[in-house]
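The values are calculated or read from the model by the stated rules, or taken from the named source; none is laboratory data. Since we're looking at a predicted model, the values are computed, not measured. Here the Cβ is made from the backbone with ideal geometry for all residues, glycine too, and neighbour counts use every protein chain on show.
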Amino acid sequence: AKELFDTFGPGSSVVGVPSTQLAGAAVVRGSFSRRQLYERMVEFWTDHFNVPNNVLPLTYLKTVEDRDVIRQHAMGRFRDLLQADARSAAMLAYLNNLENVAGAPNENYAREVMELHTLGVHGPYTETDVRELARCFILSCLEREGFDRPREVDREVTSGGKRHFADLELWQLLW
């Protein structure tokens, strides 16, 4: 991501090039690849784990996500794809996970995981589960992608001694 940012970042005469090339590559691969099922699955998972690539810094991060997350896991297990997505700098930046800190969890990504990526809008979870999953994401996130940001870590994943869905099955699914 840093290499792309340095090459195509603000001040460069080619700011929109990565997103244009990514879209063009998808069309060419979809049309001429001998691996049509693979390319269709890449398209499907790109739509499922949608991250726009028309705004900074997503323009650069999306190309890395396409290579390292979507294309790498397109024909594999959903669990592996979801785990990779949970570590994707593009997805985490898009859903404001930089703002996810102890004491003030940002629920954007947690809600996206439950409602859109896994269980559905009317899935078997509660608002408490969403909040608890957001707290779980405080423990991981962008440090793994090289975005070191000091934060107070909230290690208590349960509230009131009650075990919640988010800190059990889904947390185990993601990690």
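Within the stretch 112-140, being touching a Pro at 6+ places or on another chain (Cβ under 9 Å) and β-branched (Val, Ile, Thr) holds for one residue alone: Ile138. Among the residues of this structure, Val42 counts as one that is at pLDDT 95 or above and among the aliphatic types (A, V, I, L, M). In the set (1) at pLDDT below 90; (2) closer than 27 Å to Cys136 by Cα; (3) in a loop (DSSP other than H, G, I, E, B), Asn50 fails one condition alone, (1).
The residues of the stretch 31-55 include none that are exposed (fewer than 13 other Cβ atoms within 10 Å of the Cβ), of a type in the set (Ser, Thr, Tyr) and either within 18 Å of Ala93 (Cα to Cα) or in contact (Cβ under 8 Å) with a residue 24 or more places away in the chain (or both). Taking the stretch 56-105 as the range and being in contact with a helix residue (DSSP H, G or I) (Cβ under 8 Å, 6 or more places away or on another chain), without any contact (Cβ under 8 Å) to a residue 40 or more places away in the chain and among the basic types (Lys, Arg) as the test, only Arg71 passes. Consider the stretch 78-118 and keep the residues that are basic (Lys, Arg) and closer than 21 Å to Val42 by Cα. The one that is nearest to the chain's Cα centre (by Cα) is Arg87.
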